[in-house]
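*Asks:* Next up is a structure, given as structure tokens.
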Amino acid sequence: MQFSPVWVAVALSVSAFPVSYTLNSLSTLEHSWSVALVGAVVLVGLFALVYLPSQSQDPLFYVFMVFSFTSVIDTIIALEEDGYISGFMEFYMKEGEPYLRTAHGIMICYWDGVVHYGLYLMMIIAMSQRKSYRNFGLYWIGSLTMSLVVFLLGNIVGKYGSEIRLAFLLNFPYLLIPIWAAKRIFSQPKPLPLLMADKVSEEQSKSILQRPLDLGLVGFFLLAAGFTLFRGLVVLDCSADTCFNYVYQQEPYLRDSVAYPKVQMLVFLFYLLPYFCLCLYGLLCPGCTWMLDWALVFAGAVAQAQFSHLGSSLHHRTPYPYRTPEGSWWPVVVSNVTYALGPHLLVYRCFRSPAFFYPVALRDEDKKKQ
């Protein structure tokens with residue numbers, strides 16, 4: 001009897017509960033080196049367990065199977081740190097990665113346990129049905145990369161820098177694997193609809209004023225670019241009164257010594273701000289085929305970042321002086337949610353009517369025929 005791969009993935013991931021409970025009861029796991037060793041053994045054992053009986057031709061299948069298990073582990077960590085369960089991952093919090101007890105650590109665990117887990121299952125289903133999982137994969141790459149970059153850098157430069165232990169090295173495969181996965185996923189053919197050259201020519205000949213949705217997106221990216229630059233200046237200790245008032249009255253979380261919010265704003269400043277500028281170019285100039293892929297990547301990155309940032313600024317684990325003030329709650333929430341929704345609206349626009357982003361060669365070919 002052969003079981004569906006998705007049910008195998010669910011069964012494997014649910015086994016995280018008895019595995020973590022058993023490991024937590026072992027008295028030998030009282031040293032950082034033993035926790036790191038057991039973590040590495042569990043990951044290698046899971047990979048062998050998935051790889052040996054499987055016949056999949058795509059190596060990412062095994063990666064998603066193992067990562068689905070670690071996603072449930074992250075869910076357990078988040079639930080335990082928020083007090084909903086107990087007795088599962090206390091050993092790892094003490095001698096493994098104590099910085100996961102921060103509000104930011106809990107938020108990224110929730111995101112990994114819900115959003116990433118759902119993406120793994122959807123990509124496994126697509127693989128088993130021999131369908132393209134390219135779009136899911138691009139969104140996952142952006143989300144996972146953003147999560148790891150901010151988390152790892154924040155651990156090193158923040159107040160937990162002195163508490164980094166051997167288990168910290170278990171994060172590096174998660175940073176390297178997305179690079180390899182991105183190369184494989186980007187090389188897959190794009191599942192785009194076939195459009196006639198005259199349709200492409202018609203769409204690409206329209207000005208921005210004839211495209212209301214694009215005009216709205218241009219306005220959003222202009223505002224988002226300004227907001228990104230402003231928050232970048234805030235975490236860089238700009239002495240302007242506006243920056244001073246904002247960091248104390250609107251988002252005091254940006255001053256938190258854990259350093260995650262500061263790193264997050266700097267990543268936005270040096271990577272997201274240039275992307276917003278490129279989006280403005282792509283919405284004004286036809287034929288930017290890269291928009292279709294990178295819109296998904298950055299939508300995943302911004303969604304993960306804003307969930308972690310906003311959730312941490314409101315979470316009870318964040319010290320009270322750094323939490324969002326009650327009087328500023330709605331402006332901060334609305335601005336941060338809008339900041340995350342804009343890139344997703346761009347994804348919708350790109351895939352609803354992609355003709356504007358098709359190669360200009362199609363339009364030129366149509367002119368020659370005329």
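*Asks:* Residue 270: modelled with pLDDT of 95 or more, assigned to a helix (DSSP H, G or I), surrounded by 17 or more Cβ atoms within 10 Å (Cβ to Cβ) and not assigned by TED's automatic domain parsing to the domain that holds residue 160, yes or no?
*Replies:* Taking the combined requirement at face value, the residue does not satisfy it.
*Asks:* When both residues are 6+ apart or on different chains and their Cβ atoms are under 6 Å apart, which pairs have a first residue that lies in the stretch 256-279 and is in contact (Cβ under 8 Å) with a residue 24 or more places away in the chain, and a second that is crowded, with 22+ Cβ neighbours inside 10 Å and among the basic types (Lys, Arg)?
*Replies:* That search, which allows pairs on different chains as well, returns 265/231.
*Asks:* Take residue 234 and tell me if it is under 30 Å from residue 327 (Cβ atoms), in contact (Cβ under 8 Å) with a residue 12 or more places away in the chain, among the aliphatic types (A, V, I, L, M) and assigned to a helix (DSSP H, G or I).
*Replies:* The answer is yes for residue 234.
*Asks:* Any idea which of 162, 207 is loosely packed, with under 15 Cβ neighbours inside 10 Å, closer than 28 Å to residue 92 by Cβ and over 25 Å from the mean Cα position of the chain (by Cα)?
*Replies:* 162
*Asks:* Return a yes/no flag: does the stretch 190-203 have any residue that is under 30 Å from residue 59 (Cα atoms) and free of Cβ contacts under 8 Å to residues at least 12 places away in the same chain.
*Replies:* Yes, the conditions are met somewhere in the stretch 190-203.
*Asks:* Which of the helices (runs of 4 or more DSSP H) found entirely inside the stretch 31-98 contain at least 1 residues meeting this: crowded, with 22+ Cβ neighbours inside 10 Å and of a type in the set (S, T, N, Q)?
*Replies:* Filter on the stretch 31-98 gives 60-81.
*Asks:* Sticking with this structure for a sec: Does the stretch 161-181 contain any residue that is assigned to a loop (DSSP other than H, G, I, E, B), of a type in the set (Gly, Ala, Ser) and without any contact (Cβ under 8 Å) to a residue 40 or more places away in the chain?
*Replies:* no
*Asks:* From the list 167, 197, 240, 225, which one is more than 22 Å from residue 274 (Cβ to Cβ) and in contact with a Leu (Cβ under 7 Å, 6 or more places away or on another chain)?
*Replies:* Answer to the selection: 197.
*Asks:* Continuing with the same structure: So, in the stretch 76-106, how many residues would count as being under 22 Å from the mean Cα position of the chain (by Cα) and of a type outside the set (D, E, K, R)?
*Replies:* Here the count works out to 12.
*Asks:* While we're looking at this one, here's another question. Failed condition for residue 258, given (1) surrounded by fewer than 16 Cβ atoms within 10 Å (Cβ to Cβ); (2) at negative phi; (3) assigned to a loop (DSSP other than H, G, I, E, B), with all others met?
*Replies:* (1)
*Asks:* State yes or no: is residue 296 part of a helix (DSSP H, G or I), surrounded by 24 or more Cβ atoms within 10 Å (Cβ to Cβ) and under 17 Å from the mean Cα position of the chain (by Cα)?
*Replies:* Judged against the criteria, residue 296 is a match.
*Asks:* Looking at (1) in a helix (DSSP H, G or I); (2) out of contact with any Gly (no Cβ under 8 Å at 6 or more places or on another chain); (3) over 23 Å from residue 292 (Cβ atoms), which is the one condition that is false for residue 239?
*Replies:* (1)
*Asks:* While we're here: In the stretch 214-228, is there at least one residue being acidic (Asp, Glu), surrounded by 12 or more Cβ atoms within 10 Å (Cβ to Cβ) and modelled with pLDDT of 90 or more?
*Replies:* Scanning the stretch 214-228, I find at least one residue that is acidic (Asp, Glu), surrounded by 12 or more Cβ atoms within 10 Å (Cβ to Cβ) and modelled with pLDDT of 90 or more, so the answer is yes.
*Asks:* Looking at residue 343, is it in a loop (DSSP other than H, G, I, E, B) and either at pLDDT 95 or above or over 19 Å from residue 110 (Cβ atoms) (or both)?
*Replies:* no
The values are calculated or read from the model by the stated rules, or taken from the named source; none is laboratory data. Bear in mind the structure is a predicted one, so any value in this text is a computation, not a measurement. Using ideal geometry, Cβ is built from the backbone for each residue, glycine included, and neighbour counts are taken over all protein chains shown.
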